[in-house]
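The values are calculated or read from the model by the stated rules, or taken from the named source; none is laboratory data. Since this is a predicted model, take the numbers as computed values, not measurements. Here the Cβ is made from the backbone with ideal geometry for all residues, glycine too, and neighbour counts use every protein chain on show. The area values use the complete protein model at the heavy-atom level, side chains included, leaving out ligands, DNA and RNA. Shrake-Rupley method; radii C 1.70, N 1.55, O 1.52, S 1.80 Å.
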Amino acid sequence: MARKDQLTGKGPMSGNTVSHAHNKTRRRFAVNLQKKRFFVPEENRWVTLRVSAQTIKTINKNGISAVLREARKQSPRPQ
């Protein structure tokens, strides 16, 4: 399974580790993914998603229904 957020599609970034001597070596900045269950009242069921900590905060602020609606709108898949 790819290390991507299932709602936003956010994945790992790459950059440099910079030492005290200013030597640069490439590294990966992984996304803080969490496996979390959310209750969707419109569908009256629980959904398990692998989302980033930032997405969990967005869901807490806006609600799961609004975030799912926005994710479906942004999704490249035909519905």
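Remarks
- Filtered residue count, the stretch 50-70, keeping only those that are open to solvent by 60 Å² or more (accessible area, probe 1.4 Å) and of a type in the set (Val, Ile, Thr): 0
- When the stretch 49-79 is filtered for residues that are hydrophobic (A, V, I, L, M, F, W, C) and out of contact with any helix residue (DSSP H, G or I) (no Cβ under 6 Å at 6 or more places or on another chain), the ones remaining, listed by number, are LEU49, VAL51, ALA53, ILE56, ILE64, ALA66, LEU68, ALA71.
- Of the candidates SER75, SER52, SER65, the single residue that is at pLDDT 95 or above and not β-branched (Val, Ile, Thr) is SER52.
- Enumeration of residues in the stretch 25-49 that are assigned to a loop (DSSP other than H, G, I, E, B), of a type in the set (D, E, K, R) and open to solvent by 90 Å² or more (accessible area, probe 1.4 Å): GLU42
- Residue, farthest from GLN74 (Cα to Cα), within the stretch 1-24, restricted to residues that are open to solvent by 80 Å² or more (accessible area, probe 1.4 Å) and free of Cβ contacts under 8 Å to residues at least 24 places away in the same chain: HIS20
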